[in-house]
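The next block holds one structure in the form of structure tokens; read it before the comments.
The values are calculated or read from the model by the stated rules, or taken from the named source; none is laboratory data. None of these values were measured; they are calculated from a predicted model. Note that we place each Cβ from the backbone using ideal geometry, even for glycine, and neighbour counts take in every protein chain shown.
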Amino acid sequence: MKKWAVAVAAVLLFLSGCSNKEKVKEPVKKVKVVDKEADKEKEKTETFPYYYPLTGIGSDTVTEGRAVAVMINNHPKARPQSGLDKADIVYEVLAEGDITRFVAVFQSEHPTKIGPVRSARDYYIDLAKGLNALYIAHGYSKEAKKMLESNYIDNLNGMVYDGTLFRRSSTRKAPHNSYITYQNILKGAKLKKYSMEKTPPSFNFLTEEESKNIAGKEATSVKITYSKGGISDSIYEFDDTLGKYKRFSGGEQTVDLDTQAPVLLDNILIIEAVHQIVDSVGRRDIDLESGGKGYLLQKGKVMEVDWKNKDGQIVPVKDGEEVPLVQGRTWVNVVPTSPGLQKIVSFNVK
């Protein structure tokens, strides 16, 4: 009987196990549903916590810090220059004769070497002042010297620091061979107890989505003719693949001397201002306060605009409203009202 009871119990246990197995469900597989449209919308609305004030480009890290404005030589013997490819904004304005000089403003990026550095003029100083920048030059006109020595703007000048903060290149002849490193700019600022924490005022910028709908006529290139001699003439060509403008001068593309990195631009602002010769050397007084006519090139298109001086900043205006810039680098060409934009600037317009 005991054997029979054990056998029955074993059969019952087996049947119970089979029954439980039948009740066990297959594990549910989790399927990830991808909403592509939602992802696209998220990409459109994604924002950065910080933005660079002079380029409008977003960043995950803080973008504070003082701008540095450096006078850069544009004589043919000074080309190609160093550092221009990393400038947030470059102002190109006539000095003496038909040669322009650049005020290259750096804030979002800091090139290792900058130059050749050239001498100051009062209107270049005012452009730097409008951005609260530390102003770097080598030499000065009489008016500029007064401004610099009166502490009108924080500055470092090669006339004081030649051979120390400023170094001469052995491959070029003076006055086309003075250079400064960004590291030495910081050393000079510390030496003179200048703060490097004064973040410049911000320009207005389009969103990336807004930049896809730029208004204006199609213009694939523009030429600026400063004089009959053509020594400072420049051409900007829009590269549709890059979505940016390339710059050319003297038949050569504008690139960095050491790295050969090209200058690539997102905004070209060409403005006319009153120029007056003030001495026998040919120095000028240039009115950058009163505003006037201009052209703004963005994304391969050109728009007729006005310009105004807004608290020291040169900004484009249309129908009384400030025109936002495309996020990125900007080049501002200042040309004389005589002969004026119509004769100095020519477009390849579709």
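State whether one or more residues within region 201-215 are over 22 Å from G56 (Cα atoms) and over 17 Å from the mean Cα position of the chain (by Cα). Give the derivation first.
Filtering region 201-215 for residues over 22 Å from G56 (Cα atoms) gives none.
Within region 201-215 (the criterion being over 22 Å from G56 (Cα atoms) and over 17 Å from the mean Cα position of the chain (by Cα)), the answer is no, since none of the residues qualifies.
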- Query: Are any residues in region 238-255 surrounded by fewer than 16 Cβ atoms within 10 Å (Cβ to Cβ) and touching a Phe, Trp or Tyr at 6+ places or on another chain (Cβ under 8 Å), and if so, which ones?
  - Reply: D239
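Restricting to region 284-318, and then to whatever is among the acidic types (D, E) and within 23 Å of P201 (Cα to Cα), can you tell me which residue is surrounded by the most Cβ atoms within 10 Å (Cβ to Cβ)? I'd like the intermediate steps shown before the answer.
Of the residues in region 284-318, the ones among the acidic types (D, E) are 285, 287, 289, 304, 306, 311.
Still in the list and also within 23 Å of P201 (Cα to Cα): 287, 289, 306, 311.
Details: D287: 14, E289: 12, D306: 16, D311: 7.
Result: D306.
Mind listing whichever residues of region 297-322 are β-branched (V, I, T), over 17 Å from V105 (Cβ atoms) and either in contact with a Cys (Cβ under 8 Å, 6 or more places away or on another chain) or touching a residue at least 40 places away in the same chain (Cβ under 8 Å) (or both)?
If we filter region 297-322 for residues that are β-branched (V, I, T), which is where we start, we get 302, 305, 314-315, 317.
Those still in the list that are over 17 Å from V105 (Cβ atoms) too: 302, 305, 317.
Correct list: V302 only.
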- Picked from region 176-204 (must be among the small types (G, A, S) and in contact with a strand residue (DSSP E or B) (Cβ under 8 Å, 6 or more places away or on another chain)), the residue surrounded by the most Cβ atoms within 10 Å (Cβ to Cβ) is S178
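Tell me, yes or no, whether region 217-240 has at least one residue that is of a type in the set (F, W, Y), touching a Lys or Arg at 6+ places or on another chain (Cβ under 6 Å) and under 29 Å from N132 (Cβ atoms).
Here is the first cut: in region 217-240, the ones of a type in the set (F, W, Y) are 226, 236, 238.
Applying the additional criterion that residues be touching a Lys or Arg at 6+ places or on another chain (Cβ under 6 Å) yields 236.
So of that shortlist, the ones also under 29 Å from N132 (Cβ atoms) come out as 236.
Yes, that holds for at least one residue.
Identify, from the list K198, K173, K187, K217, the residue that is assigned by TED's automatic domain parsing to the domain that holds V345 and farther than 16 Å from V326 by Cβ. Working first, answer last.
Numbers: K198 fails: assigned by TED's automatic domain parsing to the domain that holds V345; K173 fails: assigned by TED's automatic domain parsing to the domain that holds V345; K187 fails: assigned by TED's automatic domain parsing to the domain that holds V345.
Answer to the selection: K217.
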- Message: Can you pull out every residue in region 256-270 that is surrounded by fewer than 22 Cβ atoms within 10 Å (Cβ to Cβ) and polar (S, T, N, Q)?
- Response: T259, Q260
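Rundown of residues vs (1) farther than 24 Å from G188 by Cα; (2) among the β-branched types (V, I, T), yes/no style:
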residue	(1), (2)
L54	no, no
G65	no, no
I72	no, yes
K77	yes, no
A87	no, no
A95	yes, no
- Item | Answer from A219, A215 - the residue that is among the small types (G, A, S) and in a strand (DSSP E or B) | A219
- Identify, by number, the condition in (1) farther than 18 Å from Q253 by Cα; (2) touching a helix residue (DSSP H, G or I) at 6+ places or on another chain (Cβ under 9 Å); (3) buried (at least 17 other Cβ atoms within 10 Å of the Cβ) that D88 doesn't meet. (2)
- Query: In the list S108, S195, S150, which residue meets the criterion of being in contact with an Asp or Glu (Cβ under 7 Å, 6 or more places away or on another chain) and small (G, A, S)?
  - Reply: S108
- Message: I need the full set of residues from region 146-175 which are part of a loop (DSSP other than H, G, I, E, B) and surrounded by 19 or more Cβ atoms within 10 Å (Cβ to Cβ), in order please.
- Response: D154, L165
- Task: Kindly indicate whether any position in region 91-100 is in a helix (DSSP H, G or I), buried (at least 22 other Cβ atoms within 10 Å of the Cβ) and hydroxyl-bearing (S, T, Y).
- Result: no
- Query: Of (1) in contact with a Lys or Arg (Cβ under 9 Å, 6 or more places away or on another chain); (2) in a helix (DSSP H, G or I), D126 satisfies all except one. Which?
  - Reply: (1)
- Task: May I ask you to list the residues in region 187-211 that are basic (K, R) and free of Cβ contacts under 8 Å to residues at least 40 places away in the same chain?
- Result: K187, K190, K192, K193
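Check every one of the strands (runs of 3 or more DSSP E) wholly within region 243-350 and list those with 2 or more residues that are closer than 18 Å to I224 by Cβ.
Numbers: elements: 244-249, 267-273, 275-277, 284-286, 292-298, 301-310, 313-318, 330-336, 345-349.
Fully inside region 243-350 and qualifying: 244-249, 267-273, 284-286, 292-298, 301-310, 313-318, 330-336, 345-349.
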